[in-house]
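Right, one structure below, let's go through it.
Just so you know, all these numbers are worked out from the coordinates, no wet-lab data involved. This is a predicted model, so every value here is computed, not measured. Please note: Cβ atoms are built from the backbone with ideal geometry, for glycine as well, and neighbour counts cover all protein chains shown.
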Amino acid sequence: MASMRDIKRRRASIQSTGQITKAMKLVSTVKLQKSRQKAENSKPYFDMMYDTIASMLQKSGTIDHKYLRAGATGKKAVIAITSNRGLAGGYNNNIVKLIAGDPRLKPEETVVYAIGRKGRDGLAKKGYEIKGDYSEVINEPLYQDASDLTKVLLDGFGRGEISEICLAYTSFKNTVVHIPRMLTLLPFTVGEKDGDEAPKAEALMNYEPEEETVLDQIIPKYMSSLIFGALQEAVASENGARMAAMDSATNNADEMLAKLELQYNRARQGSITQELTEIIAGANAIE
């Protein structure tokens, strides 16, 4: 049995850790309230933009456009959205596993544009090339950040350096449910998002001005909107995952403290009993 001193030291250490995890839970709760509101506000636009583009292309017949055909050369690019900090359960590792487990995204054929240091480091260890590091973006996502990244990716896609652009992020459903998702942004595939079925075409789409000019304007906005929406959902998911992880850690600390309190009382009782036994034995020896 551990000594009373050892138990007291361990109890003090766990109490200190419990206070930290409780404080982190409170901070994450406040951040979650703000980020959840932003995610819920942006999600309708996020979904509507995708559905609108899907409907347009479905009604457009066969269009030969640089953003709609897979590149014959170039590597696949994946935007990996994770966090800069840990202590969020499996939040970061789920994205790393999602990318590494996709048979299309082999390390030698894929470049990563990392948003979040945890995903960047995890994918680098698995042999992926980190083409771009935008980790500071996740601290306070702005639409301009998504627009700037879109420009970099589309430039590479247009030059043939990138043959496909994928987006890996965590979809926010509610406080406790966060789902890792992979979405192919380009070339556009109708009906891919969340397993939706392709919308049925009712009439052919007419473009004014010509279709190439229209798509040159719309596709970048479509990509920027989806990346920004994914950033908002990822931030909400991160704070939700961290709040749940810290809540679980705090509860575990409380359970460990209760067990240590019982051990301490037993050790203290045993120590008192031993001292009384020694006193009685000494008194009997004197007599």
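Under 5 Å between amide hydrogens, built in the peptide plane, is the criterion, and for ILE165 it picks out ALA77, LEU185, LEU186 among residues at least 5 positions away or on other chains. Helix 91-100 versus the longest principal axis of the chain: what is the Cα-based angle in degrees, 0 to 90, to the nearest 10? Once rounded, the angle reads 50 degrees.
Helix 143-159 versus the longest principal axis of the chain: what is the Cα-based angle in degrees, 0 to 90, to the nearest 10? Helix 143-159 sits roughly 50 degrees off the main axis of the chain. Each residue, GLN58 and THR17, gets one label point 7 Å from its Cα in the Cβ direction; the gap between the two is 5.2 nm.
Do the alpha carbons of any pairs in LYS59/LYS221; LYS131/LYS173; LYS38/LYS173 sit beyond 22 Å of each other, and which pairs? Distance filter (> 22 Å) returns LYS131/LYS173. The convex hull defined by the C-alpha atoms of the chain has an orientation-averaged projected area of 19.6 nm². Taking Cα atoms, how many degrees apart are the long axis of helix 211-286 and the longest axis of the chain, rounded to 10 and kept between 0 and 90? That helix lies at roughly 10 degrees to the long axis. Remark on THR82: its backbone amide H falls under 5 Å from those of ILE115, GLY116, GLY119, a criterion applied only to residues 5 or more positions apart or on other chains, H modelled at 1.01 Å from N. For the stretch 248-287 and the stretch 76-100, what is the centre-to-centre distance using only Cα atoms, to the nearest Å? Centre-to-centre distance over Cα atoms comes out at 47 Å. With each label modelled as a point 7 angstrom along the Cα→C-beta vector, the LEU87-THR273 pair spans 4.1 nm. Label the stretch 22-181 by shape, choosing from rounded, prolate and oblate, from the square roots a ≥ b ≥ c of the eigenvalues of the Cα gyration tensor; if a/c is under 1.5 it is rounded, and otherwise prolate applies when a/b is larger than b/c, oblate when it is not. The shape class here is oblate. Take the Cα of LEU26, step 7 Å toward its Cβ, do the same at ASN174, and the gap between the two points is 2.7 nm.
The sum of -39500 (n - 2.57) across all DSSP H runs of n ≥ 4, divided by the residue count of the chain, sets its helix-only mean residue ellipticity at 222 nm to -21000 deg cm²/dmol.
The phi torsions of the stretch 76-85, fed into the Karplus equation with coefficients 6.51, -1.76 and 1.60 and a -60° offset, translate into couplings of 7, 10, 10, 8, 9, 9, 10, 10, 8, 10 Hz, rounded to whole numbers, with Gly and Pro shown as x. For the chain, the relative contact order comes to 31 percent (Cα pairs under 8 Å, sequence separation of at least 6).
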